[in-house]
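One structure is given here, and the rest of the page talks about it.
Only the coordinates and a few stated rules stand behind these numbers; no lab work does. This one's a predicted model, so the numbers in the text were calculated from it and none came from an experiment. No Cβ is skipped: glycine too gets one built from the backbone with ideal geometry, and neighbour counts run over all protein chains shown.
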Amino acid sequence: MYKFLTSEKKEFVMSMQVLRSGTAIGALGREAEHAESKADFIHKLSIGLKEANETEY
């Protein structure tokens, strides 16, 4: 999607936001693997879900 937005549509602001929110999903998932507690694990995954929703939008 990032490549499409930058090369085909010449849309750079939106493409950077998609790149940031899209890659944050995986980063938060990996971070959740090393959570300090169950609550921390749930919190990190919840933030990842918000990033996924933002990316989908």
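Can residue 28 be described as of a type outside the set (Lys, Arg), under 16 Å from the mean Cα position of the chain (by Cα) and assigned to a helix (DSSP H, G or I)? When the stated conditions are applied, residue 28 passes them. Is there a residue in region 34-41 that is of a type outside the set (Gly, Ala, Ser) and surrounded by 12 or more Cβ atoms within 10 Å (Cβ to Cβ)? Yes, some residue in region 34-41 is of a type outside the set (Gly, Ala, Ser) and surrounded by 12 or more Cβ atoms within 10 Å (Cβ to Cβ).
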